[in-house]
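> This is the structure, below, for whatever I ask next.
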There are 2 protein chains.
Amino acid sequence: MVEYQSPHLDAVFHALSDPTRRAMLHRLSAGKHSVSQLAEPFDMSLAGASKHVKVLEAAGLVSRHVEGRTHYCRLEAARLAEAQAWFRYYERFWSDRLDALQNILEAEDRQKPPAEKG
Amino acid sequence: MVEYQSPHLDAVFHALSDPTRRAMLHRLSAGKHSVSQLAEPFDMSLAGASKHVKVLEAAGLVSRHVEGRTHYCRLEAARLAEAQAWFRYYERFWSDRLDALQNILEAEDRQKPPAEKG
DNA sequence: TGATATCTAAACCATATGGTTGAATATCAG
DNA sequence: CTGATATTCAACCATATGGTTTAGATATCA
């Protein structure tokens, strides 16, 4: 109906709206971590932290693989990229280095076959 | 405590997590609109839409100026830029055109005085 | 003045969210 | 088997969210 209605974006932006979850993602950017490891910096029950991990997982921002009793989490950058792509449309409304980038990309696009969408 | 704790990011990402609000932003990218104009595409009471506008406003994504009885809203791109900047750190985890951009920016940074933060 | 238009405020509702605790499920180590 | 470790599940709670409706508050028009 409305357009700009990626089912993913709802979940991804919601997941990113919590500082605990953003911190977890940041931690995961250094490599895979167990749920307890992710929970450790926070003054919060493990069950609470586990719920945050689930939100990240549901948003597709994190994947999990179980090794024995330990659940390892990994950053899933694709969904982050998807979310960042949402901003691309708005980049023309501010004017810092991104402007230059935008121009470069657009010039690039003019020389390559179209990717998937604008 | 946790770091990556921009008070703005919470509100901005939360605001972006709703498709109605994203659509409103998109509409505003074409120029200023009144609250009713923003509300019109949605099957929702005006009061409901007005609440969405308030969320966008509270997040700093939209500003309002009253003209007579009409409240006009304008896109505030700065906060969007701020949110997009959050992604910059993660760009190295995916490899599409952004990679190239990243490299270009970094090369640029090496030649200019430092901006504000990485 | 009075009617209409634009918008917010307030009260309400159902459901989601972020947290807790306590119990259940697996796994690993003796 | 026993016990400790790693994690989830389930129930619960307070508060937030997204919506409604009804009732103002202003502003414009006639």
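> Ranked by Cβ crowding within 10 angstrom, fewest neighbours first, how are A:T70, B:T20 ordered?
If I rank by nearby Cβ atoms, fewest first, I get A:T70, B:T20.
> So for B:R92, A:R27, fewest C-beta neighbours within 10 Å to most, what's the order?
B:R92, A:R27
> For a distance above 15 Å, tell me the whole-number percent of Cα pairs in region A:1-74 that qualify.
Across region A:1-74, Cα pairs with separations above 15 Å total 52 percent.
> Could you give the nm distance between label points at B:A58 and A:H65, where each point is 7 Å from its Cα heading toward the beta carbon?
Computed distance between label sites B:A58 and A:H65 equals 4.2 nm.
> Another question, then. Translational diffusion coefficient, Stokes-Einstein: compute it for region B:4-45 using the Kirkwood radius over C-alpha pairs as Rh, at 4 °C and 1.567 mPa s, and state it as an integer in µm² s⁻¹.
After rounding, the answer is 113 µm²/s.
> Could I ask something else about it? Give me the distance between the Cα centres of region B:10-74 and region A:59-73, rounded to whole Å.
Their Cα centres are 38 Å away from one another.
Here, each number is a calculation from the coordinates, and none is a lab measurement. Please read these numbers as outputs of a predicted model, since none were measured by experiment. Using ideal geometry, Cβ is built from the backbone for each residue, glycine included, and neighbour counts are taken over all protein chains shown.
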